[in-house]
Amino acid sequence: MHMAAAQRVWTVEDVLALPDDGNRYELIDGGLLVSPAPRLPHQAAVFAMQQALHAYLSMQPLGYDFHAPADLRFGPATLVQPDVFVAPPVDGKRPKEWVDISTLLLVVEIVSPSSALNDRMIKRTLYQRVGIPDYWIVDLSARRVERWRPSDARAEVGTGSISWRPFGSSAPLVLDLPAFFREVWDED
């Protein structure tokens, strides 16, 4: 009789003790996710997205934009490093340490072939479960953004534009997706 091997349950401390070897280590419900260093278009998308969020948040000061690497904890067996994210103020100020951040206003993952399953299933389920109001999956190949909210059974898919209006804002961020993808792919 063949018996399945017991799968290791990782902790945040286990992951933080791993060597800095260029991989991104994340932990969701005790399961280790390992991603290789991102490709250049991925990083161009991270930069462009963070620029758009930073400009918006300078006019609508409701939070702070950050990008990976980051060690965000959602319990003793969950540690994530979103590509781009917005955290609310902590005691009215910019968070000082990753452990100060207990919730997020927006999470953006730039999907790649090596991360698609994790981004679309494992991370999406986590972000919905912990109540992240907006989770965007940016698909560079398809030139679209999938938006997920906590109660969604299906994604809202944007190809022309996507907007984000966090609670307390007086105007939304409207991201022109064709222009965003032209910038990422360095097209005229």
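Rounded, prolate or oblate: which fits the range 39-184 when a ≥ b ≥ c are the square roots of the eigenvalues of the alpha-carbon gyration tensor, with rounded for a/c under 1.5 and prolate only if a/b beats b/c? Write out the running numbers ahead of the final one.
Working: a/c = 1.43, a/b = 1.14, b/c = 1.25.
Here the range 39-184 falls in the rounded category.
Sites counted here are GluC sites (Glu not before Pro) in a DSSP loop (not H, G, I, E or B) having no more than 15 other Cβ atoms within 10 Å; the longest part of the chain that contains none of them is 1-96.
What is the angle, in °, between the Cα long axis of helix 40-59 and the longest principal axis of the Cα atoms in the chain? Nearest 10 is fine, range 0 to 90. Helix 40-59 sits at roughly 60 degrees to that axis.
Rounded to the nearest 500, the helix-only mean residue ellipticity at 222 nm of the chain stands at -6000 deg cm²/dmol, with each DSSP H run of n ≥ 4 adding -39,500 (n - 2.57). Summarised as an ellipsoid, the range 1-115 has semi-axes of 29, 18, 11 Å, derived from the eigenvalues of the Cα gyration tensor scaled by 5 and square-rooted, with the largest first.
First measure r as the distance between the Cβ atoms of residue 40 and residue 117, then evaluate 1/(1 + (r/R0)^6) with R0 = 22 Å and state the FRET efficiency to the nearest 0.05. Working shown, then result.
Working: r = 22 Å, r/R0 = 1.01.
It comes out at approximately 0.50.
Identify the trypsin sites (Lys or Arg not before Pro) of the range 1-95 meeting these criteria: DSSP loop state and at most 16 other C-beta atoms within 10 Å of the C-beta. Don't jump to the answer; show the numbers that get you there.
On the way: sites: 8, 24, 39, 73, 93; in loops: 8, 39.
Answer in residue order: 8, 39.
Label sites at residue 51 and residue 29, each approximated as a point 7 angstrom past Cα along Cα to Cβ, lie 3.8 nm apart. If you plug the beta carbon distance of residue 7 and residue 98 into 1/(1 + (r/R0)^6) with R0 = 25 Å, you get a FRET efficiency near 0.40.
Bear in mind these aren't lab numbers, they're just calculated from the coordinates by the rules spelled out. Just so we're clear, the structure is a prediction, and the values are computed from it rather than from any experiment. In this analysis, Cβ positions are derived from the backbone assuming ideal geometry, glycine residues included, and neighbour counts consider all displayed protein chains.
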